[in-house]
Each structure stands twice: as C-alpha cells, then as structure tokens.
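These notes concern the structure reproduced below.
The values are calculated or read from the model by the stated rules, or taken from the named source; none is laboratory data. Keep in mind it's a predicted model, so treat the numbers as computed, not measured. So basically every Cβ, Gly included, is an ideal-geometry build from the backbone, and we count neighbours across all protein chains shown.
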Amino acid sequence: MLTFLLVEDTFFQPDQGEDDMANAAKRGFFRGAMDALVEARSKQATRYVNSALLMLDDETLRSHGYTRAELRKSAGGSYLY
C-alpha cells in the first residue's frame, strides 16, 4: 500500500529522499502551475505541427524521416485559435 504526503500542493511518495521533497516544496504553487502550462502548450504545438506536416505528400515526409501513421497518432484535436 502506498501512502502520500501533501506538501504545498505536491504529492510525494514516502520512499523519496528528503532532498527531493525540500526542492519540490521550494518550487511553490506558481512554479508548478507554470510548468503545467508550458507542458500543455508544448503538446499543443506538437499536435499543430504534426497536423501541418500531414498536408505534405508521402515522398516529402519520408525524406524528412516521418511516416503518415506516426504523425496521425499525435495530430488532431481542436484548437481554440
């Protein structure tokens, strides 16, 4: 059974070292929120670029090391702007 300890809105497993917990606690709420925002925007950019790459022909995709199947996996979704 795993137990979790809540320290400044961040969950820790008991087997983590004290240094890891202290560093994450120093990060703070806004740093965690900013990291989440950056991660979400990065995923959105990847989806957008993959959707744009799908407009290219198969020959061009192959020459750049992409396959249509792998681009379709992470492309798609809707965009607000």
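When 36, 52, 75, 22 are checked against the criterion of being more than 19 Å from the chain's Cα centre (by Cα), at pLDDT 65 or above and small (Gly, Ala, Ser), 52 stands alone in meeting it.
The residue pairs whose first member lies in region 62-81 and is more than 16 Å from residue 42 (Cα to Cα) and assigned to a loop (DSSP other than H, G, I, E, B), whose second member is modelled with pLDDT of 90 or more and basic (Lys, Arg), and whose beta carbons are closer than 8 Å, counting only pairs six or more residues apart or on different chains, do not exist in this structure.
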